[in-house]
Amino acid sequence: MNKIAKNLDGNGKKIGIVLSRFNENIGAGLLQACEQELLKLGVNAEDITLATVPGALETPLILLHMAMTEKYDALIALGAIIRGETYHFEVVSNESARGISEVQRDTGVPVANAILTTENDEQAEVRVAVKGAEAAQAAIEMANLVSAL
């Protein structure tokens, strides 16, 4: 059996990040943790491109455009959808996740989805550092896995 080992070496990798500005303080924390982890994994700062969008529903479109440029080894979606008093939470959560999954399936470019879906601000704040770093790791691992196949 040929086994492909987990590879978190980010040297030479080009990463695109799409950050939702809605719930801005949570997004800023996710971005900080993600960027720190990418740099720790060996990605050069000049090889990271950040685009911001109004909210989670706009994220898949910009991910798609970034993927279609063929400039990026992997993409990362960052943001937070926090439950409110209406059904809108479910619509935004489901549609943004579906759109993000479709981008990677349709283009072959890995997309790490770190758009948090939480019941309240406190839950989001607890997850910011861990999920931001995990998104960076997932993007690098998947970029390396795709290139190893």
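The values are calculated or read from the model by the stated rules, or taken from the named source; none is laboratory data. What you see is a predicted model, and the numbers here were worked out from it, not measured in a lab. Cβ: placed from backbone, ideal geometry, glycine included. Neighbour counts: every protein chain shown. Each accessible area value is taken on the protein alone, full model and side chains, heavy atoms only, with ligands, DNA and RNA left out. Shrake-Rupley method; radii C 1.70, N 1.55, O 1.52, S 1.80 Å.
For Cα pairs less than 8 Å apart in space and 6+ apart in sequence, what is the mean separation divided by the residue count of the chain, i.e. the relative contact order in percent?
34
How big is the charge dipole of region 68-122 about its Cα centre, in debye rounded to the nearest 20, if each Lys and Arg gets +1 on its Cβ and each Asp and Glu gets -1 on its Cβ?
Working: 4 positive and 10 negative charges, 43 e Å.
For this selection, approximately 200 debye.
Using just its DSSP H runs of length 4 or more, each adding -39500 (n - 2.57), the chain gives a mean residue ellipticity at 222 nm of -17000 deg cm²/dmol after division by all residues. The phi-based Karplus calculation (6.51 cos²θ - 1.76 cosθ + 1.60; θ = phi - 60°) puts the 3J(HN,Hα) values of region 106-115 at 7, 10, x, 8, x, 10, 8, 9, 10, 8 Hz, whole numbers, x for Gly and Pro. Within the listed set 117, 107, 52, the Gaussian network model of the chain (springs between alpha-carbon atoms below 10 Å) gives the highest mean-square fluctuation for 107.
Find how much the distance from residue 90 to residue 40 grows on full extension, using 0.36 nm per residue of separation minus their present alpha carbon separation; answer in nm with one decimal.
Gain on stretching residue 90 to residue 40: 14.5 nm.
3J(HN,Hα) along region 6-11: 4, 9, 10, 7, x, 4 Hz, from the Karplus curve 6.51 cos²θ - 1.76 cosθ + 1.60 with θ = phi - 60°, whole Hz, x for Gly and Pro. In summary, the lysines within cross-link reach of residue 40, defined as a Cα separation below 22 angstrom excluding same-chain residues under 8 places away, comprise 6, 13, 14, 71, 131. Helix 59-68 and the longest principal axis of the C-alpha atoms of the chain enclose an angle of approximately 20°. If you bin all the Cα-Cα distances of the chain at 10 Å, starting from zero, the percentages per bin are 13, 44, 33, 10, 1, 0.
Evaluated with a Cβ-only charge set (Lys, Arg +1; Asp, Glu -1), the chain carries a dipole of roughly 460 debye about its Cα centre, given to the nearest 20. Rounded to the nearest 10 degrees, the angle from helix 121-148 to the longest Cα principal axis of the chain is 30 degrees. Between the alpha-carbon centres of region 93-107 and region 23-83 there is a gap of 14 Å. Would you mind checking the tilt of helix 24-40 against the longest principal axis of the Cα atoms of the chain, expressed as 0 to 90 degrees and rounded to 10? The answer is roughly 10 degrees. Using modelled backbone amide H atoms (1.01 Å from N, in-plane), which distant-in-sequence or interchain residues come within less than 5 Å of residue 43's amide H? Close amide H contacts, sequence-distant or interchain: 10. First compute the accessible area of the chain with a 1.4 Å probe, then give the percent of it belonging to carbon and sulfur atoms. Whole-percent figure for carbon plus sulfur exposure: 51.
Near the amide H of residue 50, within less than 5 Å, lie the amide hydrogens of 17, all on another chain or at least 5 residues away, with H placed in the peptide plane. Translational diffusion coefficient of region 1-54 (Stokes-Einstein, Kirkwood radius from Cα pairs, 4 °C, 1.567 mPa s): 103 µm²/s.
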